[in-house]
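Beneath this line is the structure, given in structure tokens, with notes to follow.
The values are calculated or read from the model by the stated rules, or taken from the named source; none is laboratory data. What you are looking at is a predicted structure, and each value in this text was computed from that prediction instead of being measured. Glycine also receives a Cβ, built like all others from the backbone with ideal geometry; neighbour counts cover every protein chain displayed.
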Amino acid sequence: MKSFPENIENVKKRVEKLRREIEYHNYRYYTLNDPVITDYEYDMLLKELIDLEKKYPQFASKTSPTQRIGAKILDSFQSVRHPFFMYSLDNAYSMNEILEYDRKIRRILNTSNDSNLEYVCELKIDGLSIRLRYEKGELALAATRGDGRVGEDVTENVKTIRTIPLILQKPVDVDVRGEIYMPYEEFKRLNSVRQQQELPLFANPRNAAAGTLRQLDTTEVAKRHLDSFIYSLEFPERHDVKTQWEALNYMHELGFKVNRESKLVHDFEEMKDYFDRYEKLRDSLSYPIDGVVIKVNDFAIQASLGFTAKSPRWAIAYKFPAEQVRTRITDVTIQVGRTGTLTPVAHLEPVKLAGTTVKRASLHNFDYVKERDIRIGDIVLVEKAGEIIPQVIKPIKSERKGTERPIEIPKSCPVCHGKVGKLDEKDVAIRCLNPYCPAKLEGWIEHFASRKAMDIRGLGNKLVSKLVKKGILKDPGDVYELDVETLSKIEKMGEKSAKNLLDQIERSKKATFSKVINALGIPMVGEGTARLLGERFHDISELLNASEEQLMQIEGIGEKVAKSIVEFFSLPQTKRMIDKLISHGVTCSKESSDLNNPKPLKDLRFVITGTLSRPRDEIKERLVELGAVVTNTVSSKTNYIIVGENPGNKLTKANNLGIKTLDESELEKLISELSSKNLQT
Ligand code: AMP
Ligand code: ZN
């Protein structure tokens, strides 16, 4: 096909065919778990579509499977008014209440206990409610519940969820409701990454799903594999569907992921069996549920029962009891995290909770302990939220004997015996303040090698961990003493990859002076402060000898930061590390920095508007590195405005002021022109 001149009509047909096919295979793979082609074949179809869409942008479509990748940065979420009230459910907490409910319904309907009243039992998925609107079979809107009347438009984020069809199996107009959730496995993965980065953990899969759906960066949403179950069909009469059971089947046929555990039941006994079964099976499911929902099956009967102010009379939710137990705290030890955070951990009298024996539980931080007045020896309530580390909820104060001991903040770091404290008042974490604490070394070297510092690709977390554990890296300066022999001895590292890594390490020596300062990991000095220091000081020895007063003269550096810098440079270990960096030829002055990193965009002012092919921050960072000033608002001083898809008001203003516009390829051209000009002068 490629060798013929492409007939535009044929291209259009091919694009449409590819979209249908890819969506179909997506459905087979994610929703039915039953793929009919290989991953490779799927990737090839997707690649062909991506290429065609690039070449023929006139065929772009908002419901193309290529939209699932994300790659959009949103400014905010628009509010949407729901065309119908998004009800919530009445709750029951015991089987007795369910029995009562069944009796009440029968009373209202005037039917006896043995007459044929059908209910559908469904699992109550523990995620967040979503409304989806399809027009002619194409996804037109995805909205959160909000307060039931007004929610938020989260369409772009929802498109990244593979089990949400972008195109249905039939070209119908339809409104459905369902639940977006995070599977346990993804929840564990996400939290373990966050734990490594010392970001706050999500308490349960529901919070994680909610937090993810509210991300403005759709690429991040695509990375966290959310999933869905659709359980409700709005305006069923438009589809000639008469019962909830038929609705579930109809929605399945349209291509939605519908939960297969639902069951049609006829009396209270059957309902009870269903509850008992899933209360036991709960922990073996791959997704979180917090109960069971029962719904009157027949829509005509539903209509006759109607709604209360908040919820339908034809349905009720039975919530499983919370998984909490009582036990005693026998001791508390302190863990030191990768950035030096001190976390109190409770040791417990072993107790069974949600199918496992629990011996430890998190106490989060010392503020948490103080607020709840938790003491060693206390009987406490322990809860397992989702499937993460159990946590101590509160002490049972009435059980106190008077022998309980308070949990004290340690006077020094349990690992290195260094000073501990808060970095600033707003911080809840108490940290070890010794920059050379062994507990922090891995994290420090990872920071040293990261993109915003020395940018050593190939020196990833796993390798750093091995090198630190084997005692090969004792401070970041040791990175420059690595050789093929040492690296080859490390598990799984062949000679070729060892050489590649050494090339990267060699290249990193030319990093800008500011990035080198950032890489040093001076407490309280982030990327921005490092840049200020890199601009103000000529070389590292000048910085090393700077006094607090000198530092405080720099705008943007206050007393605390200045103190921290002086303290860091006064440590003998710092001097040794810097000597290593100097002796290996790492950029340690402004002069060599400028030589290695020319600034072709020096003094040019840029503004960015619209969606670009890469995250805006990345483009901004690159421009700044090349010497540009990037601002948020257009003024007469602006030299260029970079325009992406769907530009905002900034473009109108720029046009009025006669400012030059650039698209991404024109920007690249400008950079290379100015760079070559720079070399000649
Ligand atoms: P609650 O928020 O606890 O009052 O429970 C009501 C919510 O349960 C609804 O708004 C839905 O988001 C959710 N839910 C989960 N699974 C189902 C289901 N199978 N049928 C109806 N609602 C469900
Ligand atoms: Zn320490």
Quiz prompt | Leading residue by the ranking (nearest to residue 448 (Cα to Cα)) among those in segment 488-515 that are among the charged types (D, E, K, R), part of a loop (DSSP other than H, G, I, E, B) and touching a residue at least 12 places away in the same chain (Cβ under 8 Å) | solution = 509
Quiz item: Taking residue 419, is it within 16 Å of ligand 2 (Cβ to nearest atom), surrounded by 14 or more Cβ atoms within 10 Å (Cβ to Cβ), among the basic types (Lys, Arg) and not assigned by TED's automatic domain parsing to the domain that holds residue 290?
Solution: no
Exercise. Go over the candidates 652, 633, 661, 638 one by one and state the one that is buried (at least 18 other Cβ atoms within 10 Å of the Cβ) and free of Cβ contacts under 8 Å to residues at least 60 places away in the same chain.
Key: 638
Quiz item: For segment 476-487, how many residues meet the condition of being surrounded by fewer than 18 Cβ atoms within 10 Å (Cβ to Cβ) and outside any helix (DSSP H, G or I)?
Solution: 1
Exercise. Identify, by number, the condition in (1) in the same structural domain as residue 504 (by TED's automatic domain parsing); (2) within 30 Å of residue 126 (Cα to Cα) that residue 396 doesn't meet.
Key: (1)
Practice problem: Filter segment 558-606 for residues that are assigned to a helix (DSSP H, G or I) and touching a Ser or Thr at 6+ places or on another chain (Cβ under 8 Å) and give the result. | Solution: 561, 566, 568, 593, 596
Exercise. Note down all Cβ pairs under 6 Å where the first residue falls in segment 288-301 and is at pLDDT below 95, the second is near ligand 1 (Cβ under 9 Å from one of its atoms) and not in a strand (DSSP E or B), and they're at least six residues apart or on different chains.
Key: 288/126; 289/126; 290/126
Practice problem: Assess whether residue 357 counts as being outside the structural domain of residue 127 (by TED's automatic domain parsing), surrounded by fewer than 18 Cβ atoms within 10 Å (Cβ to Cβ), within 16 Å of ligand 2 (Cβ to nearest atom) and part of a strand (DSSP E or B). | Solution: no
Quiz item: Only one of (1) closer than 23 Å to residue 247 by Cα; (2) surrounded by fewer than 21 Cβ atoms within 10 Å (Cβ to Cβ) fails for residue 121. Which number is that?
Solution: (2)
Self-check item: Answer from 163, 111, 144, 155 - the residue that is closer than 19 Å to residue 248 by Cα and either within 16 Å of ligand 2 (Cβ to nearest atom) or in the same structural domain as residue 184 (by TED's automatic domain parsing) (or both)
Solution: 163
Exercise. Could you pull out every one of the helices (runs of 4 or more DSSP H) wholly within segment 217-298 that has 3 or more residues that are exposed (fewer than 14 other Cβ atoms within 10 Å of the Cβ)?
Key: 268-281
Quiz item: List pairs: first in segment 421-442 and closer than 20 Å to residue 460 by Cα and of a type in the set (Gly, Ala, Ser), second in a loop (DSSP other than H, G, I, E, B) and within 13 Å of ligand 2 (Cβ to nearest atom), Cβ under 6 Å, 6+ apart or cross-chain?
Solution: 439/415
Exercise. Of the conditions (1) free of Cβ contacts under 8 Å to residues at least 60 places away in the same chain; (2) closer than 28 Å to residue 472 by Cβ; (3) not in a helix (DSSP H, G or I), residue 523 clears all except one; give me its number.
Key: (1)
Quiz item: From the set of residues in segment 420-448 that are within 26 Å of residue 465 (Cβ to Cβ) and in a strand (DSSP E or B), which is nearest to ligand 1 (Cβ to nearest atom)?
Solution: 431
Quiz item: Can you find even one residue in segment 128-135 that is surrounded by fewer than 16 Cβ atoms within 10 Å (Cβ to Cβ) and charged (D, E, K, R)?
Solution: yes
